[in-house]
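Q: Mind having a look at this structure? Questions to follow.
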Amino acid sequence: ERTVQRIAAGEVVERPASVVKELIENSLDAGASRVAVSVESGGTGGIRVRDDGVGIPADQLEAAVAEHATSKIADIEDLDRGVGTLGFRGEALYTVGAVSRLTVRSRPPDAEAGAEITVEGGDVGDPRPAGCPEGTTVEVDDLFYNTPARKKFLKRTTTEFDHVNTVVTGYALANPDVAVSLEHDGRETFSTEGNGDLRSAVLAVYGREVAEAMVDVEWTPDLGGDDDDNDGSDNDGSDNDEADPAVRRVTGLVSHPETTRSTREYLATYVNDRYVTASALREATLDAYGGQLAPDRYPFAVLFVEVPSGDVDVNVHPRKLEVRFDEELAVRAAVEEAVEEALLDHGL
Ligand code: ADP
Ligand code: MG
């Protein structure tokens, strides 16, 4: 049975970045205002996520690392929450504990002392008292030590760290009200202030040159009366009606056309506050720049798209971040218009 558990875990926990993603989700679910991520050797040498959230009472530590530990059963029906975590709900700590040496150390703010529990390759130890600050610290060492087949698939340290960095960056930009930091082999990669300002989070993550080249995107559908203002918003062949538009809002930041990089990885897109990859969103963003981008150059973008939750399919693949839209044409049109307007507003 242990073997079955390990194989299943190997399917779900792909690499250090998948562990980091689950641990950050847990910290945010716990209402943390600070989340500090620290990894060694791209995460293959150790992962630590510390938060200042509600914590786990000592008598619930065992349950937290057990199978189906979730305190969020109600959410199982809620597919909106499922992006990238489906099949993993209530089982992240359990699953990670099956393929690593896991320590969860926690102290709820009202508790006098902290406690910790350790899981080694699925063997759960006894909870014991431990000194720790308020909040929760999760440490994952020796990932895949007992699943050599999975371990073999790990890439070079720099590649694994790139994946970790992408995940942590994605959450940092999506949660500017949370102070998110990332450290690799003892060196700080970035640290956001958590002051609620997206531009300040961009400054922390991408640096001053990029932050200063970003312009605000703020778009809502034109719902006014008969649609004769020929803004094109309702002429895209979709059946969106004005009472429930296919896109409710597009916000965020995009860069000047001359502030670019040679890869698309700086086009961060979110649907209903979940980090996603959707070629429709990227292409619509690039289309908005028209011919202004140099060949093979891509802008920076942090775009939040709000659509009715029933109009987006987040279950294209349980572990991937792809989504599909019912009203793809309307979504494309809205994003393109939103970015175009933002650039025009700044004379770009
Ligand atoms: P899920 O998040 O889907 O409930 P997990 O295995 O990720 O399942 O976590 C199990 C449980 O452990 C959570 O429901 C929560 O009660 C508790 N937990 C995990 N991480 C934290 C954390 N950082 N702060 C507070 N509680 C946590
Ligand atoms: Mg979780």
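Q: When residues of region 14-36 are filtered for being within 12 Å of ligand 1 (Cβ to nearest atom) and more than 19 Å from D273 (Cα to Cα), how many remain?
A: The total comes to 2.
Q: Considering region 153-172 alone, what residues qualify as being in contact with a Gly (Cβ under 7 Å, 6 or more places away or on another chain) and of a type in the set (D, E)?
A: Across region 153-172, the qualifying residue is only E160.
Q: What do you reckon, is T136 of a type in the set (S, T, N, Q), within 13 Å of A58 (Cα to Cα), assigned to a strand (DSSP E or B) and within 14 Å of ligand 1 (Cβ to nearest atom)? First the steps, then the outcome.
A: Details: of a type in the set (S, T, N, Q): yes; within 13 Å of A58 (Cα to Cα): yes; assigned to a strand (DSSP E or B): yes; within 14 Å of ligand 1 (Cβ to nearest atom): yes.
It is true that T136 is of a type in the set (S, T, N, Q), within 13 Å of A58 (Cα to Cα), assigned to a strand (DSSP E or B) and within 14 Å of ligand 1 (Cβ to nearest atom).
Q: Sticking with this structure for a sec: Out of region 92-115, which residues are β-branched (V, I, T) and outside any strand (DSSP E or B)?
A: Once the filter is applied, which keeps residues that are β-branched (V, I, T) and outside any strand (DSSP E or B), region 92-115 yields T95, V96, V99.
Q: For region 153-176, state whether one or more residues are buried (at least 18 other Cβ atoms within 10 Å of the Cβ) and part of a strand (DSSP E or B).
A: No, because not a single residue in region 153-176 is buried (at least 18 other Cβ atoms within 10 Å of the Cβ) and part of a strand (DSSP E or B).
Q: Just need a number here: residues in region 88-111 that are within 20 Å of R50 (Cβ to Cβ) and more than 13 Å from ligand 1 (Cβ to nearest atom).
A: Of the residues in region 88-111, 3 are within 20 Å of R50 (Cβ to Cβ) and more than 13 Å from ligand 1 (Cβ to nearest atom).
Q: Follow-up question, since we're still on this one. Take region 180-208 and flag every residue that is more than 18 Å from D273 (Cβ to Cβ), touching a strand residue (DSSP E or B) at 6+ places or on another chain (Cβ under 8 Å) and hydrophobic (A, V, I, L, M, F, W, C).
A: L182, F190, A204, listed by residue number.
Q: Only one of (1) closer than 15 Å to G252 by Cα; (2) surrounded by 20 or more Cβ atoms within 10 Å (Cβ to Cβ); (3) not hydrophobic (A, V, I, L, M, F, W, C) is not met by E306, so which one is it?
A: It is condition (2) that E306 fails.
Q: Can you confirm whether A333 is among the aliphatic types (A, V, I, L, M), loosely packed, with under 15 Cβ neighbours inside 10 Å, outside any strand (DSSP E or B) and in contact with a Ser or Thr (Cβ under 9 Å, 6 or more places away or on another chain)? Full working, then the answer.
A: Working: among the aliphatic types (A, V, I, L, M): yes; loosely packed, with under 15 Cβ neighbours inside 10 Å: no; outside any strand (DSSP E or B): yes; in contact with a Ser or Thr (Cβ under 9 Å, 6 or more places away or on another chain): yes.
No, not satisfied.
Q: Also, quick follow-up: List the number of the failed condition for R105; all other conditions in (1) away from ligand 2 (no atom under 16 Å from the Cβ); (2) out of contact with any Asp or Glu (no Cβ under 6 Å at 6 or more places or on another chain) hold.
A: Of the numbered conditions (1) away from ligand 2 (no atom under 16 Å from the Cβ); (2) out of contact with any Asp or Glu (no Cβ under 6 Å at 6 or more places or on another chain), the odd one out for R105 is (2).
Q: Any residue in region 103-117 that is closer than 11 Å to G131 by Cβ sitting within a Cβ distance under 6 Å of a residue that is surrounded by fewer than 20 Cβ atoms within 10 Å (Cβ to Cβ) and among the acidic types (D, E)? List the pairs, counting only those 6 or more apart or interchain.
A: From residues that are closer than 11 Å to G131 by Cβ, the pairs are R107/E134.
Bear in mind these aren't lab numbers, they're just calculated from the coordinates by the rules spelled out. This structure is a prediction, so every number in the text was calculated from the model and none was measured. Using ideal geometry, Cβ is built from the backbone for each residue, glycine included, and neighbour counts are taken over all protein chains shown.
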